[in-house]
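Input: a single structure, listed below in structure tokens.
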Amino acid sequence: MKIFAIADLHLSFNENIHKPMDKFGPGWEGHIEKLERNWRRLVSDTDTVLVPGDISWALRIEEAMDDFRWLHSLPGTKILSKGNHDLWWSRIRFLNSLYDDIIFLQNDCHVTDGGNVVIAASRGWPYPGSDEYTEHDEKIYARELMRMKMGLDAAKAAAPEAQLIACLHYPPAGPAGRETEFTKLLEEYGVRKCIYGHLHGMPAYNTGIKGRCRGVEYILASFDYLDGEPKLIYESGS
């Protein structure tokens, strides 16, 4: 059993939504075809793929249904968490009733690989001191921190000995690894890996924390950073 990660799919299969991604650079040309080709080559039905945010351009759940159907057609279990563009994200119980192989993760956790791995998620938010952060972001940042704590608490209760993976959409810290409330929380709970997306383009890639820092491995998994290829982050027995 393998776990892969890729964020920022930016799907728009609904006929009323026209959001071509190629305007964002050559790495986005034919991005859906590239993603499907790579996904089917790498991922089997027994694997799991983490998708930490910016899943669909839809504004309402009804508009996102075509995107969910497309994801359902791909192999593996998909663990979805919210990004800043996922404005359709609501009615979590309804979303989780749609497909057995798509799990919308919010304020909770998902245990996999026979109890060896547990996953928690939050959207996150720009951290204090980052270029995007303003005083108006304080409440949202605190709320997302609380949501991550809820997921981590659920994970510890469900599988206290499992390897813990956290998914965020926003990077939890900058490249120097300076402590933030999110990094402190991840360290406190013994998170092994933190997957995030959101950063696009060469200058932006270097603004997020990457690699190992104080016991946590930080992995940038935005679509263009990975060139549309889901990244292997865990394999049973390895």
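The values are calculated or read from the model by the stated rules, or taken from the named source; none is laboratory data. For clarity, every value in this text was computed on a predicted model and none was experimentally measured. Cβ placement follows ideal geometry from the backbone for every residue including glycine, while neighbour counts extend to all protein chains displayed. Quick note on the areas: whole protein, heavy atoms, side chains included, nothing else; ligands and nucleic acids left out. Shrake-Rupley method; radii C 1.70, N 1.55, O 1.52, S 1.80 Å.
Quick notes on this one:
- Test: residue in the stretch 19-35 that is touching a residue at least 24 places away in the same chain (Cβ under 8 Å), under 20 Å from SER122 (Cα atoms) and either in contact with a Pro (Cβ under 8 Å, 6 or more places away or on another chain) or part of a helix (DSSP H, G or I) (or both): no
- No other residue among VAL118, VAL43, VAL51 is in contact with a Pro (Cβ under 6 Å, 6 or more places away or on another chain), among the β-branched types (Val, Ile, Thr) and crowded, with 16+ Cβ neighbours inside 10 Å apart from VAL43.
- Only one of LEU145, LEU168 that is closer than 18 Å to HIS110 by Cβ and either buried (at least 17 other Cβ atoms within 10 Å of the Cβ) or not β-branched (Val, Ile, Thr) (or both): LEU168
- Any hit, the stretch 41-59, residues being touching a Gly at 6+ places or on another chain (Cβ under 6 Å), within 27 Å of ARG143 (Cα to Cα) and aliphatic (A, V, I, L, M): yes
- Some residue of the stretch 97-106 being crowded, with 21+ Cβ neighbours inside 10 Å and touching a residue at least 60 places away in the same chain (Cβ under 8 Å): yes
- Filtered by the rule that a residue be surrounded by fewer than 19 Cβ atoms within 10 Å (Cβ to Cβ) and of a type outside the set (Phe, Trp, Tyr), the stretch 61-76 gives ILE61, GLU62, MET65, ASP66, ARG69, HIS72, SER73, LEU74, PRO75.
- Note on the stretch 220-238: residues that are part of a strand (DSSP E or B) and open to solvent by 10 Å² or more (accessible area, probe 1.4 Å) amount to 5.
- Single residue of the stretch 77-94 satisfying the filter (surrounded by fewer than 22 Cβ atoms within 10 Å (Cβ to Cβ) and touching a residue at least 60 places away in the same chain (Cβ under 8 Å)) that is nearest to LEU35 (Cα to Cα): HIS85
- Meets criteria (open to solvent by less than 60 Å² (accessible area, probe 1.4 Å), in contact (Cβ under 8 Å) with a residue 40 or more places away in the chain and within 14 Å of the chain's Cα centre (by Cα)) for SER130: no
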